[in-house]
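Enquirer: Provided herewith is a single structure, encoded as structure tokens, for subsequent inquiry.
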Amino acid sequence: MSVNPQIKLNKVSKKFRLYSKNTDRVLEALMPHKRRRFTDFYAVRNLDLHIYKGETVGIVGRNGTGKSTLLKLIAGITLPTSGQLKVSGNVVPLLDMGGGFHPELSGYDNVYYYTTLLGYSKEETADIIQRVVDFAEVGDFINQPLKTYSTGMRSRLAFSVSININPEILLVDEVLAVGDESFKKKSKEKMQELFKSGNTILFVSHSPTDIKELCTKAVMLYNGEKMAEGNPDDVLKYYYQFYQNPDNLINKPPQVLL
């Protein structure tokens with residue numbers, strides 16, 4: 001394991017403004033120094049986390065605990081409100097199937113521009129595109145505008161792009177397989193290869209089995225804060241204990257379960 005973390009969060013918080021109605025949002029923009037029309041919501045609060053190269057980290061917690069926001073912060077999709085966040089290596093977020101693709105461009109052009117923006121050479125991009133086309137099974141549609149794709153075809157293309165560019169850091173949010181049963185089987189096998197490849201992976205899942213089988217470490221979030229970190233079995237045990245009687249655990253400092 002490297003001495004320096006590949007992903008380092010130091011007291012990172014992400015705050016959103018919540019408005020009870022749309023007119024309050026407009027009035028706040030027009031008259032920011034008048035009456036406060038919003039409430040603050042922390043999706044992530046004072047989060048410290050070090051992730052090292054080659055680790056597969058499972059992120060657990062119920063809906064609304066900050067798991068997806070954490071991945072978006074690491075991906076650079078959203079910026080921290082406060083704290084320090086440092087990421088070393090190219091990041092591929094497998095979060096929103098087809099997010100960032102342009103509907104007027106062909107599937108081929110979308111893949112080309114996506115890989116080019118990631119810094120791959122012309123030769124590398126050509127090789128990646130061929131692997132993507134072979135894996136996605138979209139046939140001649142690869143040269144058609146993305147807006148003509150079915151939802152399943154679009155998802156298969158996006159999934160294929162994400163898993164065929166050999167990312168240094170892969171962010172996975174509850175997506176292990178897409179498409180019909182045949183494609184699901186193939187894509188899940190590919191994901192299992194990636195999990196064993198030695199790349200750094202952050203994996204959000206509600207499946208205890210997947211967390212235990214695929215991850216080297218787990219982190220539990222609650223209300224945007226880290227409640228536990230360590231061995232997946234120990235973190236999941238803490239997770240179940242916590243929700244059986246949260247009042248007994250809520251005021252305890254984060255548990256490091258190594």
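Enquirer: Please work out which one of (1) under 17 Å from Pro103 (Cα atoms); (2) buried (at least 21 other Cβ atoms within 10 Å of the Cβ); (3) at pLDDT 85 or above; (4) of a type in the set (A, V, I, L, M) is the condition Val161 fails and give its number.
Expert: With respect to (1) under 17 Å from Pro103 (Cα atoms); (2) buried (at least 21 other Cβ atoms within 10 Å of the Cβ); (3) at pLDDT 85 or above; (4) of a type in the set (A, V, I, L, M), Val161 is out only on (3).
Enquirer: I would also like to ask the following. Could you count how many residues in the range 184-227 are surrounded by 19 or more Cβ atoms within 10 Å (Cβ to Cβ) and either aromatic (Phe, Trp, Tyr) or more than 18 Å from the chain's Cα centre (by Cα) (or both)?
Expert: Qualifying residue count, the range 184-227: 4.
Enquirer: Among the helices (runs of 4 or more DSSP H) confined wholly to the range 137-235, which include 3 or more residues that are within 22 Å of Thr115 (Cβ to Cβ) and out of contact with any strand residue (DSSP E or B) (no Cβ under 8 Å at 6 or more places or on another chain)? First the steps, then the outcome.
Expert: Numbers: elements: 151-163, 181-195, 208-214.
Helices (runs of 4 or more DSSP H) meeting the threshold: 151-163, 181-195.
Enquirer: Filter the range 118-136 for residues that are touching a residue at least 12 places away in the same chain (Cβ under 8 Å), outside any helix (DSSP H, G or I) and among the hydroxyl-bearing types (Ser, Thr, Tyr) and give the result.
Expert: Residue satisfying the conditions is Tyr120 alone.
Enquirer: Taking the condition of being modelled with pLDDT of 75 or more and of a type outside the set (Lys, Arg), how many residues in the range 224-255 meet it? Full working, then the answer.
Expert: Step one: list which residues in the range 224-255 are modelled with pLDDT of 75 or more, which gives 224-245.
Subsequent filtering for residues that are of a type outside the set (Lys, Arg) retains 224-225, 227-236, 238-245.
The number of residues fulfilling the criteria is 20.
Enquirer: Name the residues in the range 86-117 that are assigned to a loop (DSSP other than H, G, I, E, B) and either under 24 Å from Phe141 (Cα atoms) or at pLDDT 90 or above (or both), would you?
Expert: Result: Ser88, Leu95, Asp96, Met97, Gly98, Gly99, Gly100, Phe101, His102, Pro103, Glu104, Leu105.
Enquirer: Any idea how many residues of the range 40-78 are in a strand (DSSP E or B) and either polar (S, T, N, Q) or on the phi > 0 side of the Ramachandran plot (or both)? Write out each step before concluding.
Expert: First, pick out the residues of the range 40-78 that are in a strand (DSSP E or B): 40-51, 56-60.
Narrowing the set further to residues that are either polar (S, T, N, Q) or on the phi > 0 side of the Ramachandran plot (or both) leaves 46, 56.
Looking only at that region, the number is 2.
Enquirer: Next question, about the same structure. Being under 24 Å from Gly76 (Cα atoms) and either surrounded by fewer than 18 Cβ atoms within 10 Å (Cβ to Cβ) or not aromatic (Phe, Trp, Tyr) (or both) narrows it down to one of Glu174, Glu181, so name that one. Steps first, please.
Expert: Numbers: Glu181 fails: under 24 Å from Gly76 (Cα atoms).
Result of the check over Glu174, Glu181: Glu174.
The values are calculated or read from the model by the stated rules, or taken from the named source; none is laboratory data. This structure is a prediction, so every number in the text was calculated from the model and none was measured. Note: ideal-geometry Cβ built from the backbone for every residue, glycine included; neighbour counts use all protein chains shown.
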